[in-house]
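See below for the structure under consideration.
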Amino acid sequence: MSNLEWLIVGLALVLLELFVPGTYLIWFGFAGLLVAVLTSFFAWALITQVVVFTIFSFLFALIGWRV
């Protein structure tokens, strides 16, 4: 996926947070936006991007749970 596609996914998740009760989608959206920024600097394979997204999603979910 390109960084534009990750940007769209991240923004969609953040905007979906407005319509879905709870506060968990925003953290996955932040992870998607961070992967979008990182893929603009690094040419990663898709599996690497998915692994990085998974790691950041987990970390942001932990941060959201603590907040």
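The values are calculated or read from the model by the stated rules, or taken from the named source; none is laboratory data. Computed from a prediction, not measured in an experiment: that's the story for all the values here. Every residue, glycine as well, gets a Cβ built from its backbone with ideal geometry; the counts of neighbours run over all protein chains shown. Ligands, DNA and RNA are stripped out before the accessible areas are found, and what is left, the full protein with its side chains, is counted by its heavy atoms. Shrake-Rupley method; radii C 1.70, N 1.55, O 1.52, S 1.80 Å.
Computed over the chain, the range of Cα coordinates on each principal axis works out to 35, 22, 16 Å, biggest value leading.
Backbone phi angles across the stretch 10-20, fed through the Karplus curve with coefficients 6.51, -1.76 and 1.60 (θ = phi - 60°), yield HN-Hα couplings of x, 5, 5, 5, 5, 5, 5, 4, 5, 9, 9 Hz in residue order; Gly and Pro are listed as x. Taking 7 Å steps out from each Cα toward its Cβ at Arg66 and Thr54 produces label points 2.3 nm apart. Counting only alpha carbon atoms, the long axis of helix 46-66 and the longest principal axis of the chain meet at about 20°. Rolling a 1.4 Å probe over the protein chains gives Leu33 an accessible area of about 40 Å². Backbone geometry of the stretch 24-41 corresponds, through the Karplus equation with coefficients 6.51, -1.76 and 1.60 at θ = phi - 60°, to 3J(HN,Hα) couplings of 9, 5, 5, 6, 5, x, 4, 5, x, 5, 5, 5, 4, 5, 5, 6, 6, 9 Hz, x marking Gly and Pro.
The chymotrypsin sites (Phe, Trp or Tyr not before Pro) of the chain that meet both conditions, a loop assignment by DSSP and at most 12 other Cβ atoms within 10 Å of the site Cβ, are Phe19, Phe42. Using the rule -39500 (n - 2.57) for each DSSP H run of four or more residues, divided by the residues of the chain, the 222 nm mean residue ellipticity is -26000 deg cm²/dmol.
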